[in-house]
Amino acid sequence: MATTHPDPLEHPMAATGRKAREGTTGGPRGAQAHDRIVQSVVDAIADRRLPPGTKLTEERLAQIFGVSRARIRTALSALAQIGVVELRPNRGAFVARPSAREAREVFEARRIVERGLLDRLAGAGPLPADAVARLRAHLAKEKAAAAADDRVAMIRLSGDFHLLLADLAGNGTLATFLDSLVRQSSLAIAALEVRQSPDCAAHEHQAIVEALAAGEGERAMHLMMEHLGAVEDRLAPDPGVPEVDLFAVFGRLGEAI
């Protein structure tokens with residue numbers, strides 16, 4: 001069955017940026033500027049350089065990207081439509097900041113969806129060899145990122161693992177829903193994590209893959225639930241919002257647009 005969700009190895013935040021750019025008007029140069037602004041903000045949020053709750057000042061972003069405030073306002077509106085930015089009346093734009101309750105609800109939803117996906121994956125016995133090969137190739141990337149202490153890559157690959165499992169399960173509707181949940185949980189982790197760690201440990205992913213490869217569906221399900229629970233357990237009620245210098249995050253990107 002063909003899936004309809006984005007590339008499973010595209011980071012969920014990258015997919016978010018792509019969706020925000022769909023339907024952009026204003027000519028090639030205007031669309032290019034819009035794309036660059038949206039994707040830069042999305043990437044900074046995904047890589048945890050822009051923590052949830054950070055104020056996104058129009059004037060400062062206009063200076064950074066070398067565009068008008070109207071152009072920034074359009075990009076922020078697009079980001080708000082996909083849920084990564086909040087627009088507050090008379091206060092401005094902020095990186096979306098999930099509450100502790102919202103975070104718990106997201107992880108509850110992830111457990112329900114990923115349980116269904118694993119049941120679908122493991123229902124017919126051991127995974128086909130090509131599926132196992134794809135998963136192990138992804139695990140190799142996770143291990144390489146961990147060995148290099150590349151936190152940005154570790155965060156990206158961590159979310160990608162779950163989307164790859166969804167792709168292999170072959171249910172496009174569930175995969176699209178999981179894409180949204182992974183994006184929301186990434187924001188929640190960025191907002192509420194109290195112990196610095198990648199979203200998902202590579203060795204936990206490996207254990208899930210080996211169980212699936214052996215046809216041990218119940219064990220794979222148990223490992224996944226433990227895994228998501230461990231991620232959720234690293235969240236605190238509210239660690240606060242750090243001060244962020246937008247110029248330090250983005251530099252001056254106007255010449256590149």
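The values are calculated or read from the model by the stated rules, or taken from the named source; none is laboratory data. Everything quoted here is computed from the prediction, not taken from an experiment. Neighbour counts run over all protein chains shown; Cβ positions are idealised from the backbone, glycine included. Protein only, heavy atoms only, side chains kept; ligands, DNA and RNA dropped before computing areas. Shrake-Rupley method; radii C 1.70, N 1.55, O 1.52, S 1.80 Å.
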Once ligands and nucleic acids are excluded and a 1.4 Å probe is used, how much of Lys143 is accessible, expressed in Å² to the nearest 10? 100
Three-way shape label, the range 85-149, alpha-carbon gyration tensor, a/c 1.5: oblate
Using alpha carbons only, how many angstrom separate the centre of the range 98-138 from the centre of the range 28-55? 28
Indicate the gyration tensor shape class of the range 82-198 (rounded, prolate or oblate), computed on the Cα atoms with a ≥ b ≥ c the square roots of the eigenvalues: a/c under 1.5 is rounded; otherwise a/b larger than b/c is prolate and the rest oblate. oblate
Can you tally the net charge around Ala166? Count Lys and Arg as +1, Asp and Glu as -1, for every other residue whose Cβ sits under 10 Å from the Cβ of Ala166. -2
